[in-house]
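Scroll down for the structure; my scribbles are underneath it.
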Amino acid sequence: MLRSTASRLLANVRVAPKAFAPARAFSTTAPSFFASATDASEKVKITLPESSFEVYNLEKPSLELEFSKEEMVDMYTKMVTMRRMEMAADALYKAKQIRGFCHLCTGQEAVSVGMESAINSADQIITAYRCHGFTYVRGGSIKSIIGELLGRECGISKGKGGSMHMFSKAFYGGNGIVGAQVPLGAGIAFTQKYLDIPAVTFSLYGDGASNQGQVFEAYNMAKLWDLPCVFVCENNKYGMGTSAARSSASTQYYTRAGYIPGIQVNGMDVFAVHQACKFAKEWTTSGKGPLVMELNTYRYGGHSMSDPGTTYRTREEIQHMRSTSDPITGLKQHLLDNSVASEAELKAIDKEARKIVDEAVKEAQASPEPDLKEFWTDIYQPGSEPQMVRGREPGESHWY
């Protein structure tokens with residue numbers, strides 16, 4: 001029974017994985033952006049700063065890595081598109097078109113883009129509720145993400161999940177209960193090991209969830225069975241409005257499992273994130289057991305749209321991070337310094353990102369709200385429904 005259930009869970013992961021080059025909805029694709037295919041595939045060597053990594057019971061990953069020019073431009077394109085998408089969500093929320101919770105990842109783009117660049121379609125990701133960026137890099141369209149935020153039929157969860165509950169292929173959400181996704185990630189990794197699937201699961205949580213008991217229970221089970229699971233703490237310095245130092249006796253989150261090796265990473269550098277995730281995948285899939293990773297990052301906005309984000313930190317702090325550590329600005333400088341793209345070409349990408357996001361917003365706004373009958377779908381596996389599902393009161397109960 002377990003093997004049958006697990007097989008359905010990861011039904012298509014045995015197919016040959018695709019390399020990191022998701023289709024872009026841009027006209028600046030490799031053949032036109034670069035002079036030739038040879039030019040696009042030309043490798044650029046990158047040397048990371050010594051400060052990129054700190055480790056616990058582990059050797060540091062190499063600081064030397066290389067990317068093709070096409071890969072570097074693709075990273076930049078995804079990051080600027082993601083930021084433009086989050087800016088659009090911000091505006092829609094302030095216009096009262098998005099209701100309820102809305103958690104933006106502005107400033108944290110290097111985390112999802114760097115991670116996705118290091119893995120393939122057989123690898124799995126599960127995260128908390130700041131999930132728009134991960135949904136996008138895992139294959140969700142901008143229209144489906146904005147549509148979900150607007151509660152429309154075209155939404156990636158049919159307009160029923162909102163900001164916190166988005167899912168796509170090999171991406172298990174988007175989870176609203178603080179820390180609850182961490183043991184689920186360990187369970188996905190258990191399935192991979194049980195079925196002998198040579199892949200990894202990245203189970204992400206924030207520094208605000210780092211003291212949850214279920215996180216440590218998941219550590220224990222993962223190490224006990226040497227599961228191919230990377231526990232990733234996205235440390236953006238504040239759990240809601242509480243700084244890490246005020247909530248955690250130890251803020252070295254990468255050391256906190258004790259019996260599991262750990263690595264701390266500059267999460268504002270997309271190349272450092274890539275290298276750390278590549279290293280983590282190689283470690284876990286080679287049978288060495290789980291790994292704890294701490295990605296030091298920063299959110300420019302509040303915890304959610306209802307939080308101005310300036311009552312527990314200064315505007316000067318935010319501006320300092322924007323001016324010294326912005327992940328997009330850092331990548332842009334690499335592209336310019338290595339003659340991968342010119343300032344004018346990067347501006348063209350920025351301009352087209354704005355255009356594509358604006359068009360997706362209009363399409364999402366034109367989509368109708370889901371039919372009321374959708375309230376009763378996607379609750380149970382087809383064929384396993386009970387006779388009825390209760391509503392808020394007896395008169396609202398639905399009979400299958």
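The values are calculated or read from the model by the stated rules, or taken from the named source; none is laboratory data. Predicted model, so just to flag it, every value in this text is computed and none were measured. We place every Cβ from the backbone using ideal geometry, glycine too, and count neighbours over all the protein chains shown. Note: areas computed on protein heavy atoms with side chains; ligands, DNA, RNA excluded. Shrake-Rupley method; radii C 1.70, N 1.55, O 1.52, S 1.80 Å.
Consider segment 198-208. How many of its residues are closer than 29 Å to THR242 by Cα, open to solvent by 10 Å² or more (accessible area, probe 1.4 Å) and touching a helix residue (DSSP H, G or I) at 6+ places or on another chain (Cβ under 9 Å)?
Result for segment 198-208: 1.
ILE328: touching a helix residue (DSSP H, G or I) at 6+ places or on another chain (Cβ under 8 Å) and either surrounded by 13 or more Cβ atoms within 10 Å (Cβ to Cβ) or of a type outside the set (Ser, Thr, Tyr) (or both), yes or no?
Values: touching a helix residue (DSSP H, G or I) at 6+ places or on another chain (Cβ under 8 Å): yes; either surrounded by 13 or more Cβ atoms within 10 Å (Cβ to Cβ) or of a type outside the set (Ser, Thr, Tyr) (or both): yes.
Here the answer is yes, as ILE328 does meet what is asked.
Condition test on LYS373, is it at pLDDT 95 or above, on the phi < 0 side of the Ramachandran plot and loosely packed, with under 13 Cβ neighbours inside 10 Å?
Working: at pLDDT 95 or above: no; on the phi < 0 side of the Ramachandran plot: yes; loosely packed, with under 13 Cβ neighbours inside 10 Å: yes.
For LYS373, the condition - at pLDDT 95 or above, on the phi < 0 side of the Ramachandran plot and loosely packed, with under 13 Cβ neighbours inside 10 Å - is not met.
Here are GLY162, GLY139, GLY174, GLY151: which of them is closer than 24 Å to HIS274 by Cβ and surrounded by fewer than 24 Cβ atoms within 10 Å (Cβ to Cβ)?
GLY139
Is one or more of the residues making up segment 210-228 touching an Asp or Glu at 6+ places or on another chain (Cβ under 9 Å), open to solvent by 30 Å² or more (accessible area, probe 1.4 Å), more than 30 Å from ALA364 (Cβ to Cβ) and modelled with pLDDT of 95 or more?
No, that holds for no residue.
Checking the conditions here, which among ALA189, ALA257 is in a helix (DSSP H, G or I), at pLDDT 95 or above and either of a type in the set (A, V, I, L, M) or open to solvent by 60 Å² or more (accessible area, probe 1.4 Å) (or both)?
Values: ALA257 fails: in a helix (DSSP H, G or I).
When all the criteria are applied, what remains is ALA189.
Could you say which residue among PHE134, PHE101 is surrounded by fewer than 20 Cβ atoms within 10 Å (Cβ to Cβ) and touching a residue at least 12 places away in the same chain (Cβ under 8 Å)? Can you show your working first?
On the way: PHE134 fails: surrounded by fewer than 20 Cβ atoms within 10 Å (Cβ to Cβ).
Result of the check over PHE134, PHE101: PHE101.
Can you find a residue that is assigned to a helix (DSSP H, G or I) and of a type in the set (Lys, Arg) anywhere in segment 264-279?
Looking for residues that are assigned to a helix (DSSP H, G or I) and of a type in the set (Lys, Arg), one finds at least one in segment 264-279, hence yes.
Please indicate, with yes or no, whether at least one residue in segment 75-88 is acidic (Asp, Glu), closer than 19 Å to GLU363 by Cβ and either open to solvent by less than 20 Å² (accessible area, probe 1.4 Å) or out of contact with any strand residue (DSSP E or B) (no Cβ under 9 Å at 6 or more places or on another chain) (or both).
Within segment 75-88, one or more residues are acidic (Asp, Glu), closer than 19 Å to GLU363 by Cβ and either open to solvent by less than 20 Å² (accessible area, probe 1.4 Å) or out of contact with any strand residue (DSSP E or B) (no Cβ under 9 Å at 6 or more places or on another chain) (or both).
List, please: which pairs have Cβ atoms under 6 Å, are six or more places apart or on different chains, and start with a residue in segment 40-53 that is open to solvent by 90 Å² or more (accessible area, probe 1.4 Å) and end with one that is modelled with pLDDT of 95 or more and polar (S, T, N, Q)?
LYS43/SER68
In segment 201-254, which residues are in a helix (DSSP H, G or I) and over 25 Å from TRP283 (Cα atoms)?
Across segment 201-254, the qualifying residues are GLY208, GLY213, ALA244, ALA245, ARG246, SER247.
If I ask for residues that are within 17 Å of GLN124 (Cα to Cα) and either among the β-branched types (Val, Ile, Thr) or within 16 Å of the chain's Cα centre (by Cα) (or both), which ones from segment 195-233 would you list?
ILE197, VAL200, THR201, PHE202, SER203, LEU204, TYR205, CYS229, VAL230, PHE231, VAL232, CYS233, listed by residue number.
Enumerate the pairs (first residue in segment 171-185 and at positive phi and in contact (Cβ under 8 Å) with a residue 12 or more places away in the chain; second residue anywhere and buried (at least 19 other Cβ atoms within 10 Å of the Cβ) and of a type in the set (Val, Ile, Thr)) with beta-carbon separation below 6 Å, excluding pairs fewer than 6 apart on the same chain, so at least 6 apart or on different chains.
Correct list of pairs: GLY179/VAL215.
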